[in-house]
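Below is one structure, written out as structure tokens, with a few remarks after it.
Only the coordinates and a few stated rules stand behind these numbers; no lab work does. For clarity, every value in this text was computed on a predicted model and none was experimentally measured. Glycine also receives a Cβ, built like all others from the backbone with ideal geometry; neighbour counts cover every protein chain displayed.
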């Protein structure tokens, strides 16, 4: 079956994440789900509520919830002001069919607690979508080699620096799997053509990494290992992980 394109009257902005991330996630939802009035979705942290507005446009009957550390009102959803670095303050029986967290985990110093809490509020068989900046691009690797820093993280953090958690994909995948989330797919996005000038460095780096991955023995499914590290992860600045609650 061919994937459906988003309605022409829905314009998805880049928003508070990397280019193309919102577009890909919203398109995925549009092709996977129907407008079921019993469907409950939560976005956390929800920022200014932009992502919730896209969900409301496509699925007007969904029960939408947004959570952020700042107090906000979103016409399309029920909102809560909550510190997501702590345990979620929902009733025990409050469960969701879909949990999304778009570029949020860079804000939290306890990623384990956050993902564990996301899994707790997700129904069995529910969908968990998490996106994050990719710190393994060839640009990041060269920056670390010569400057000791990654692309979006300064070598020195100010006391009020908002984004400090450099969480690599292998840790995100591990935390999802150890908290009852089966990783179904990983998609890399946010390719900037200007970065392709680094192609010679990328080819050399990936040749070595490919041989290393071929020899690497792991209990992880082989297909998942390669989804984590395709060649284009050296250029795409963001990744999206689609998972399902299995217990």
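State, to one decimal in nm², a quarter of the convex hull surface area for the C-alpha atoms of the chain, i.e. the direction-averaged projected area.
14.9 nm²
Can you tell me how much longer the chain between residue 36 and residue 152 gets when fully stretched, taken as 0.36 nm per residue apart minus their C-alpha distance, in nm with one decimal? Before the final figure, lay out each step's value.
Working: separation 116, 0.36 × 116 = 41.76 nm, distance 3.90 nm.
Roughly 37.9 nm would be gained on extension.
Under a point spin-label approximation (7 Å from Cα along Cα-to-Cβ), what is the residue 76-residue 214 distance to one decimal in nm?
4.7 nm
Roughly what would the spin-label model give for residue 246 and residue 86, points 7 Å off Cα along C-beta, in nm?
3.4 nm
Could you state the number of Å between the C-alpha centres of the stretch 14-76 and the stretch 91-124?
Each part's Cα centre sits 15 Å from the other's.
What ranking, highest mean first, results for peptides 147-158, 89-100 when packing means the other Cβ atoms within 10 Å averaged over each residue? Don't jump to the answer; show the numbers that get you there.
Details: 147-158: 12.6, 89-100: 16.0.
So the order, starting with the most tightly packed, is 89-100, 147-158.
Provide the packing ranking of 194-205, 233-244, i.e. peptides ordered by the mean count of other C-beta atoms within 10 Å per residue, highest first.
233-244, 194-205
Take every Cα pair under 8 Å in the stretch 21-245 that's 6+ residues apart, average their separations, divide by the length, and report that relative contact order as a whole percent.
Taking the mean separation of contacting Cα pairs over the length of the stretch 21-245, I get 21 percent.
For the stretch 1-117, what is the convex hull (Cα atoms) projected area averaged across all directions, in square nanometres?
Details: hull surface 31.5 nm².
About 7.9 nm², averaged over all directions.
For the stretch 80-152, what is the largest minus smallest coordinate of the Cα atoms on each principal axis, given in angstrom and ordered from greatest to least?
Cα extents, longest axis first: 51, 24, 18 Å.
Once you sort the root eigenvalues of the Cα gyration tensor of the stretch 118-247 as a ≥ b ≥ c, which label holds: rounded (a/c under 1.5), prolate (a/b larger than b/c) or oblate (the other case)? Walk me through the numbers before you get to the answer.
Details: a/c = 2.08, a/b = 1.32, b/c = 1.57.
Taking the square roots of the gyration eigenvalues as a ≥ b ≥ c, the stretch 118-247 is oblate.
According to a simple spin-label model (label point 7 Å from Cα along Cα-to-Cβ), what is the distance in nm between residue 185 and residue 14?
Inter-label distance under the simple model: 2.5 nm.
Given the -39500 (n - 2.57) contribution per DSSP H run of 4+ residues, what per-residue ellipticity at 222 nm results for the chain, rounded to the nearest 500 deg cm²/dmol?
Numbers: 7 runs with 74 residues, N = 247.
My calculation for the chain gives -9000 deg cm²/dmol from helical runs alone.
List the residues of the stretch 16-54 whose backbone N lies under 18 Å from a point placed 7 Å from the Cα of residue 5 along the Cα-to-Cβ direction.
Correct set: 20, 23-32.
Rounded, prolate or oblate: which fits the stretch 23-67, taking a ≥ b ≥ c as square roots of the Cα gyration tensor eigenvalues, rounded meaning a/c under 1.5, else prolate when a/b beats b/c?
Values: a/c = 1.92, a/b = 1.21, b/c = 1.59.
Verdict is oblate for the stretch 23-67.
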